[in-house]
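What follows is a set of notes on a single structure, which appears directly below.
The values are calculated or read from the model by the stated rules, or taken from the named source; none is laboratory data. Everything numeric here is computed off the predicted structure, so don't read it as measured data. Note that we place each Cβ from the backbone using ideal geometry, even for glycine, and neighbour counts take in every protein chain shown. Remember, those area values only see protein heavy atoms, side chains included, never the ligands or the DNA or RNA. Shrake-Rupley method; radii C 1.70, N 1.55, O 1.52, S 1.80 Å.
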Amino acid sequence: MAVQDKPPRKTGIAHFFAATGYSIGGLKRLAGESAFRQEVALIAGLLLLFLVAGASLPEVLGMLAIGLVLIAIEALNTAIEMLIDHLSPGWSQFAKDAKDLGSLAVACTIGALLLYSGVALIW
């Protein structure tokens, strides 16, 4: 892969629109991950459960906030995996450790989402 010069930095309102475009690009890339799609299904299922159970607006918003944190952690985990795959195409202990730690971060966030949801729906 040839090294390319960085494009010039955008400032002001152009930066805002560029950043929005980068985020949309990241979402499109993340949509290709089955883990992301499963997490979105989990969040949607919990949202439906919250609505059927008559959860309050703050409870629903709390669940959605943790759901957004889960999506963010999954995006970071995917970025780590992409970097590791680029830096270490073969098997290596550091690559395994880095991927395992990213996976742990996702699992902890799923645990937090489920814990919050259980407490919110039971109380």
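Structural remarks
- Single residue of Gly118, Gly111 found to be of a type outside the set (D, E, K, R), open to solvent by 30 Å² or more (accessible area, probe 1.4 Å), out of contact with any strand residue (DSSP E or B) (no Cβ under 9 Å at 6 or more places or on another chain) and without any contact (Cβ under 8 Å) to a residue 24 or more places away in the chain: Gly111
- Applying the criterion of being over 18 Å from Val40 (Cβ atoms) and hydroxyl-bearing (Ser, Thr, Tyr) to the residues of segment 67-102, the residue that is surrounded by the most Cβ atoms within 10 Å (Cβ to Cβ) is Ser88.
- Residue selection: Gly54 fails the criterion of being assigned to a helix (DSSP H, G or I) and either closer than 24 Å to Gly25 by Cα or open to solvent by less than 70 Å² (accessible area, probe 1.4 Å) (or both).
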